[in-house]
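Enquirer: Before I ask anything, here is the structure I am working with.
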Amino acid sequence: MSSPVTHDELSVRTRSILDRLGVSVDLDVSQSQLPIVARSPITGGNLGSLAAATVADVDAVIADAKSVFAGWSTVPAPVRGGLIRELGELLREYKDDLGALVSIEAGKIVSEGLGEVQEMIDICDFGVGLSRQLYGNTIATERPGHRMMEQWHPLGVVGVITAFNFPVAVWSWNAVLALVAGDTVIWKPSEKTPLTALGVQALFERAAAKAGVDPKVAQLVIGDRVAGEALVDDSRVALLSATGSTRMGRAVAPRVAERFGRVLLELGGNNAAIVTPSADLDLTTRGIVFSAAGTAGQRCTSLRRVIAHSSIAEELVERITRAYESLSIGSPLDSDTLVGPLIDAPAFAGYAKAVDAAVGAGGTVRAGGQRVDIFGEYAYYVQPTVITMPAQTDIVRHETFAPILYVLTYDTLEEAIALHNDVPQGLSSSIFTTDLREAEQFLSAAGSDCGIANVNIGPSGAEIGGAFGGEKETGGGRESGSDAWKAYMRRATNTVNYSNELPLAQGVEFG
Ligand code: UN1
């Protein structure tokens, strides 16, 4: 059971965190008629409200981003990296405050709130190094006395639309790469998490001041759908990076394509774990419980499906069920809590509907399945839920952003992989096995069809060093590490003739 947190205590704490981060916005509740309502899912209470950017506001922000781009794009990349170094330092300094604000506004447990800020610090470190490594290839040419190479140039204005569940880290994956690349950034955060965005922006502006950089290289737009659409439809926005539901991506992608803009989409996942007869069930259970119940199932990488060999399925379900019974559900600010709240009422409605649909399709609830009253009517806590399913029905193929784990069984690995891939989404995946052949088959071209495939690790909790993203309805985008930076730059292929002749490619003679 969690110790009580009153709404007033949360408001006072939020205000003092915002003050320390340098956010001066007035959150007086007397302004509660304003359209963007900041609230905490911990109690369901409102923390204040904010104005929403209009189309004209967004237009002015884009104009600024475009004009600042001219100068920023010609600053040497390693100097641009200096801005990111300052940002990383400030994030280290304010990690506790920003992490706590993530807990208050997104409902993450303290360790995960801090972990999210750590993810920002990590990408800053990566970005500083990257600023000296924006490598282009030198390519052998078929013509004598010639040299061919490619250069990577800044792309332009990058619009970043983020979701509530990673309210600060996803901005950083995008903004850090974009800024190092010489782009300017406009951020439209989720309407559900405006305060964490204001906190990050305040730190960013301090970093810019320290680095002597115009803060307009990265701007923030607090707004609703209107502001998002203004970014989507504006041809001055060269790249639109959007994280959210598949439904959102389906609306955004054609509109950006219509104006020949670029998109980078991070949409839904329906991440699975195949558990084979050779799996270490102790380790497997721990991996499954973190991935499925952690963050109250509200990561795009959360584990949603277990595909277990029929010989070990029952034992595995019993182990998971036992582990679920000991998970403490409650205020994410309590140090012993492992499962915090769902973000809001629609999230709870989605959870309840999915449990009903699964039972209606022949599923058996083996753990959880109920709402838990921690802070009354407007706070939505649920028990992490395990449902064994007779088949991969429609509800199993659908992403529900809640801690529901469906369990399916298989007899041959081919069957398991077919079930695994037979969903519309393709973000993250895992296999638990100690059999090298099974592991390698899962990682091969004939195995998982996801952007992320792991062995003996659940599908969530990726490090920033790898490229992050997935296939199919997940949208195909890659953010964060590896060579994801290339999406934020434009490639120029250059051929230089240093001879006195003019040989044509393909042996063409002309005149
Ligand atoms: C998301 O849920 O939008 O791999 C991102 C993970 C985190 C990022 C999740 N590093 O679970």
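Read-outs: derived from the displayed coordinates by stated rules, not from any lab. Because the structure is a prediction, the values reported are computed rather than measured. Glycine also receives a Cβ, built like all others from the backbone with ideal geometry; neighbour counts cover every protein chain displayed.
Enquirer: Once you have the Cα-Cα distance between residue 148 and residue 353, take 0.36 nm times their residue separation minus that, and quote the gain in nm to one decimal.
Expert: Full-extension gain reported as 68.0 nm.
Enquirer: Obtain the nm distance between the two label points defined at residue 132 and residue 59 by a simple spin-label model: each point lies 7 Å from its Cα along the Cα-to-C-beta direction.
Expert: A separation of 4.5 nm, rounded to one decimal place.
Enquirer: Which order do the peptides 108-119, 444-455, 249-260, 309-320 take when ranked by the mean count of other beta-carbon atoms within 10 Å per residue, highest first?
Expert: 108-119, 444-455, 309-320, 249-260
Enquirer: If you don't mind, another one. Using the count of nearby Cβ atoms within 10 Å as a rough guide to exposure, how do 148, 120 rank from fewest to most?
Expert: Listed from fewest to most nearby Cβ atoms, that is 148, 120.
Enquirer: Can you list residues from other chains, or at least 5 along the same chain, whose modelled amide H is less than 5 Å from the amide H of residue 372?
Expert: Distant-sequence amide H within range of residue 372: 381, 382, 383.
Enquirer: Could you tell me the calculated FRET efficiency between residue 46 and residue 75, based on Cβ-Cβ distance and R0 = 45 angstrom, to the nearest 0.05?
Expert: In this case the efficiency is close to 0.60.
Enquirer: Distance cut-off 26 Å, Cα to Cα: go down the list 108/472; 188/353; 216/486; 95/472; 66/472 and report the pairs above it.
Expert: 108/472; 188/353; 95/472; 66/472
Enquirer: Looking at the range 271-463, send over the antiparallel percent of its DSSP beta bridges, to the nearest 5.
Expert: Bridges in the range 271-463 are about 20 percent antiparallel.
Enquirer: Please give the FRET efficiency for residue 371 paired with residue 67, using the beta carbon to beta carbon distance and R0 = 60 Å, rounded to the nearest 0.05. Don't jump to the answer; show the numbers that get you there.
Expert: Details: r = 51 Å, r/R0 = 0.85.
Once rounded, the FRET efficiency stands at 0.75.
Enquirer: Sort the following peptides by mean Cβ neighbour count (other Cβ atoms within 10 Å, averaged over residues), highest first: 233-246, 359-372, 496-509, 264-277.
Expert: 264-277, 233-246, 359-372, 496-509
Enquirer: Specify, per residue and in Å³, the volume enclosed by the convex hull of the alpha carbon atoms belonging to the chain.
Expert: In the chain, the Cα hull volume divided by residue count equals 166 Å³.
Enquirer: Please give me the summed charge of the neighbours of residue 59: other residues whose Cβ is under 13 Å from its Cβ, Lys and Arg +1, Asp and Glu -1.
Expert: Result for the neighbourhood of residue 59: -3.
Enquirer: Under a cut-off of 12 Å between alpha-carbon atoms, report the aspartates and glutamates in cross-link reach of residue 210, not counting same-chain residues fewer than 8 places apart.
Expert: 86, 89
Enquirer: Search the structure for amide H atoms under 5 Å from the amide H of residue 456, placed 1.01 Å from N in the peptide plane, and list their residues when 5 or more places away or on another chain.
Expert: Correct list: 431, 432, 433.
Enquirer: Once amide H atoms are placed 1.01 Å from N in the peptide plane, what residues at a sequence separation of 5 or more from residue 185, or on another chain, have their amide H within under 5 Å of its amide H?
Expert: Result for residue 185 returns 158, 218, 219.
Enquirer: Taking a spot 7 Å from the Cα of residue 422 along the direction of its beta carbon, which residues of the range 372-400 have an amide N less than 18 Å from it?
Expert: Within reach of a label on residue 422: 388-399.
Enquirer: While we're on this one: Please work out how much length the chain gains when fully extended from residue 494 to residue 92, using 0.36 nm per residue of separation minus the C-alpha to C-alpha distance, in nm with one decimal.
Expert: That works out to 140.6 nm of additional length.
Enquirer: As an exercise, use a Förster radius of 25 Å and the Cβ-Cβ distance of residue 280 and residue 111 to find the FRET efficiency, rounded to the nearest 0.05.
Expert: The calculated FRET efficiency here is 0.55.
Enquirer: What 222 nm value per residue comes from the helices of the chain, counting each DSSP H run with n ≥ 4 as -39,500 (n - 2.57) and dividing by all residues, nearest 500 deg cm²/dmol?
Expert: Rounded to the nearest 500, it is -12500 deg cm²/dmol.
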